[in-house]
Structure formats: structure tokens, C-alpha cells
Amino acid sequence: LRNLVLVLGDQLDADSAAFDGFEPACDAVWMAEVAGEAGRVWSTQARIAVFLAAMRRFRDALRARGWTVHYRALDGHEAPTLEAALADDLARLRPARVLALRPGEWRLAQSLPAVCASAGVPWSERPDRHFYCDPGDFAGWARGRREYRMEYFYRWLRRREGVLMDGGQPVGGRWNFDADNRGRFDRRGPGLLPAPRAFPPDAGTREVLALVARHFGDHPGGLGGFDWPLDRTQALAALDDFVAHRLPLFGRYQDAMWEGQPWLYHSRLSAALNLRLLGPREVVDAAVAAYERGDAPIEAVEGFVRQVLGWREFVRGMYWLRMPAFLDDNALGADQPLPGFFWTTDTDMACLRDALGQSLRLGYAHHIQRLMVIGLFAQLLGVRPREVHEWFLAAYVDAVEWVELPNVLGMSQFADGGRMVSKPYVASGRYIERMSNHCAGCRFRPGEAAGEAACPFTTLYWDFLDRHAARFASHPRTALQWMHLAGKSAAEMDAIRARAASLRAALAADSRHSHPPAA
Ligand code: FAD
């Protein structure tokens, strides 16, 4: 055996550089399903099923080309970790070399080459063509900056790549259409929404679902309605469906929420992108082509390009720039345990019940639900960032560490002290009331900060401002938001602090009763 090409569950791209020069006569592919990976965080059943089903389809597609794939399927007797599985197979197969892309997770990027070194097999890393910007380019952009802002990175990369550019100027005359993209639904709701194209499980996927139910039946969520795109053909169909039916209103409603409506105008493409069934370039090009044909307005297309070429590339750059220290960040000294209802959804807060419920059930929530409902609550409460990170990594079908961790620790929890975003994304229950219909059916009142009926978001918002006043009240970017604290009387603040303390105590007790079993 000349080359053993190592393919991880989020590297399912047959055109990746790992396969350049692949010779079926003397090379082979290695893939492994390992229960330890699914159990490292208490992953939802949907997340585990997406990875396993997509891996098996990829394996079958390579075998259909006549390639040898050494594939370790989950059968209850597998090696406990990916490292152990690889060590076993290196001893058995004795390849002259292992070829791979750099793993998307810092931990594996260290441990897998080390396994090869101990087996005396050279590990050779091929360049990664999936992304627009490699970590070296990002480090070059970042050099000399103390704070890293997505907006400047985005402009730099758009210029470099010539995406939505007209000469040296951004198409539409502006870099940023955020102001046009804050629409919400009126009282009548979103009306008839274009249902995203679904991909019902075939026989192979049904087998995976049965396996997940058998091995991981005690994990959160379920598998009913499982319909994710799992191979390249399906992912391309999902992209076409999004561009044709949802992209035109993607921008306007990108921040809106509506009870019981998980998808709205979002693309649902993140898992396909992160597993590499799709590349970011083809996704961005499809959106830009829709604009050029006059099928989608600039604010929708720029908004979408900003997410894929901007945020997605930016968070990856930040991940490789800051790991492994990133994982231990806790700039605001948060020390509260994760509330148990993050796993059970047993809460009276309607917005959280809805967002957490769909997250565990479907492995999906859109950006504003993650940032301004789930992440916001954890931040206002002051949950230990590591525990928030582990919950987010467990919940979503698109969760891989390079994208999840910077979004959680940097963007949502401000645990990096503002390296990634200029101020904490904090708001009261009023924000959720404005952007959704959740509050209408909730027993809490978003306009009240103290007393039994007060919305916990609102109580904890004022309490957060109060607790962190020393850090933010005099900073030019945050002073305005903190100035409102001055409008609260001493008596009001006392009542808010008392209610916040009792919420914290109750939630800490709740967390002790319903923590996931030790993974
Ligand atoms: P759309 O709303 O249709 O957006 C289009 C695409 O843009 C997405 O598919 C995604 O690839 C990209 N994108 C959008 N926002 C971001 C972002 N902030 N960072 C990176 N890419 C982005 N995204 C993940 O892929 N995996 C994660 O584990 C993840 N964890 C998150 C945790 C938190 C706390 C927050 C605030 C965001 C997280 N995101 C994550 C980003 C974003 O919420 C998801 O990419 C998005 O909700 C996926 O749904 P969609 O495909 O329908 O996205």
C-alpha cells in the first residue's frame, strides 16, 4: 500500500487535494465511525445520524469508482477513539504514507499526526482548497491588529476574490445592507412559507437511523422527520431550491423569528457546507448569479455572501489563530453551570422552549435563535463558556469545532474579551418581543425587569449591565448602552439584583438534577 488517504467525517469531498494523483491500484482510503467521537459531547441523534449517513454515502460513491475504502463501521466493538482505530489499522495495513487534509479540529490536528509518528508512518498534509482563505493568509491579514473585525476582513476578501465587485467598488454602492435586513413579520405572521426541499431517508439512511437509535437512543432529540441532504447530488439540489425559493427574501427576514417555524428563509446549507458536500465558492457564485439574472435583490445576495464568504471564513481564521488558548477563554469570569433545561427544554420561557426544542429535535436553529435567544440567555446568566461551547457542539447538525467554537466563545459569549466583536451582543426581552411572536404566548412580560412576571431575559439584561459596568460603562463602543443604567433607581436595581440572584440559584439547582450522563 503506497498512500492511505485519511478522510474524516467532515472531509467528504472527492475533489479535495487529498485525492490528487490517487491510484486505485496502490492507494486506499481510510474512514472510521467511532462512538467516542459521537459521545465526546452529548450529541443530538440528528447530528450523529447526519455524519454517519453522509460518511457511508461517500464511502459507497468511492467504492463505486472501484477504489478501496477501509471503513470501520460502528458495531459496538469498535476502537474507543479515532486515534486508537487509526493506530490499529496502521499496524495492519502498513501504508508507506498517510495523506490527509489538516483536520478541522485542533485536537485531531495534533493527535492524528502523532499516531502516525508513533507507528513510524509519515503523515503528509495536503493544502486545503475548500476555503477562500487559508489560515496563513488570515494570519497575514490579522498581523499587527489587536482586535479582529469581520467587516474589514470581509471587505478585504471580497476585493481579493472579486466577489460582488464593480471595478474597485462594491456592487450596489455599499458594503453593508444590514439596515435593510432587519425585517420582522407583522401580527399575521410569515404567511405561506416555501417549504425547503426535503430528502427523505433511503434504505441506507434508514439503516443508519436504526443504528443511531440503538447505540445513541439516550442522546437528546430524535430522528423523526430526518430529511437532510447527505451527498453531493442532494446538496446541489438543496442549493438550487434555496436560490430559487428563499434567497430573494433571505436578507429581509434573516433576523426574524416565528414560533414553530424553524426554517423561514434560511438556506439550511450549513451541514452540507461543513461536511464539504458543497464548496463555499459554488454557493456564493450561485447567489451572485441569481442577483445578476435579476432573480434576487442585492440586499439578500450581499447578506448571504456576507455569511458565507465573510463570517464563515472569518471564524475559521480566528479558530486557527487562537487555538488552543481560545478554548479556555472566559473574559467575563462567567461561573454559572448550564441550566438543565438546555437539555430538557423544560422552561416557561416560550422563546427558549421553541429554540431549544427545535435544536434538539432537528439539530437546527437559525442564527438569531442561536445568538439572540440561546446564546444570549447563557451570556446574561453568566454560564461557564466551556459548558456553553459543549452544548452548541452537541446540538447542531452543522457543528464542527472550527466554526462552532469561535461563534460561541467569541461572538456569542464575549469570552475572548472582544477580540472578535466590538461589544457583547446583549439585549433584553424587548428584542425578542420585537423580532418574534414568542412573547404573545409567554407568561413572562418582556417590559418588566423585576417581580414574578418579569421576563428573565430582561431581569438578567439589567443585572448583566450592572455586573459589568466597570468594564463597559466608560468604553466608547458600549457607553451608550450602559448609560441607561443610570435611569434605574437604587430601589429598582435592588429588586432586579434580588430577582437575578433567585433565578441564578434556581437554575443552578436545576442544572444539578438534569445534567447529561458523563460522556
Ligand atoms: P443561513 O442563515 O442560510 O446562512 C447561510 C450560510 O452562511 C450558512 O449555511 C453558514 O454556512 C454561513 N454562516 C452564517 N452565519 C455564520 C457564522 N456566524 N459563522 C459561520 N458561518 C456562518 N454555524 C455552523 O456552521 N456550525 C456551528 O456549529 C455554528 N454554531 C453557531 C453557534 C452560535 C452561538 C452562533 C451565534 C452561530 C453559529 N453558527 C454555526 C452560525 C450560524 O448560526 C449557522 O451557520 C446557521 O444558522 C446555519 O443555518 P443555515 O445553513 O440555514 O444558514
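Each reported figure results from applying straightforward, stated rules to the coordinates on display, with no laboratory input. Remember, predicted model here, so these are calculated numbers, not experimental data. Note: ideal-geometry Cβ built from the backbone for every residue, glycine included; neighbour counts use all protein chains shown.
Couple of notes before you dig in:
- Per-pair calculated FRET efficiency, R0 = 56 Å: residue 94 and residue 182 via Cβ, rounded to 0.05: 0.40
- Spatially, region 42-56 and region 310-381 are offset by 20 Å when compared through their Cα centroids.
- Global size of the chain as Cα Rg and Dmax, reported in angstrom: 23.4, 79
- For the peptides 97-105, 43-51, residues were scored by their other Cβ atoms within 10 Å and the scores averaged per peptide; the highest-first order is 43-51, 97-105.
- Put a dot 7 Å past the Cα of residue 292, heading toward its Cβ, do the same for residue 423, and the two dots end up 4.0 nm apart.
- Taking all Cα pairs closer than 8 Å and separated by 6 or more residues, the relative contact order of the chain comes to 17 percent.
- For the chain, the 222 nm mean residue ellipticity estimated from helices alone, with every DSSP H stretch of n ≥ 4 adding -39500 (n - 2.57) and the total spread over all residues, rounds to -13000 deg cm²/dmol.
- Distant-in-sequence amide contacts of residue 29, defined by a placed amide H-H separation under 5 Å and a gap of 5 or more residues or a different chain, comprise 5, 68, 69, 70.
- Relative compactness, region 19-122, computed as alpha-carbon Rg over 2.2 N^0.38 Å: 1.10
- Amide N of region 401-425 lying under 20 Å from the label point, which is placed 7 angstrom from the Cα of residue 147 along Cα→Cβ: 406-425
- Cut-off under 5 Å, modelled amide H: who pairs with residue 101 long-range: 126
- Each of residue 63 and residue 169 was given a label point 7 Å from its Cα along the Cα-to-Cβ line. The distance between the two points is 5.7 nm.
- Span-like helix check, the chain: qualifying full DSSP H segments, with Cα axial length of 20 Å or more and mean Kyte-Doolittle of 0.0 or more, are 45-64, 106-119.
- Here the gap between residue 281 and residue 240, fully extended at 0.36 nm per residue and compared with their Cα-Cα distance, gives a gain of 13.3 nm.
- Cα-derived Rg to Rh of region 379-442, Kirkwood definition: 1.03
- Ellipsoid fit via the Cα gyration tensor, region 408-475: semi-axes of 25, 15, 9 Å, each the root of five times an eigenvalue, largest first.
- With both labels modelled 7 Å from their Cα along Cα-to-Cβ, the residue 75 to residue 198 distance reads 3.4 nm.
- The slack in the chain from residue 1 to residue 335, taken as 0.36 nm per residue of separation less the alpha-carbon distance, amounts to 115.1 nm.
- Per residue, the average separation of C-alpha pairs within less than 8 Å and at least 6 apart gives region 257-414 a relative contact order of 30 percent.
- Rel. contact order, % - alpha carbon contacts under 8 angstrom, at least six apart, region 376-441: 27 percent
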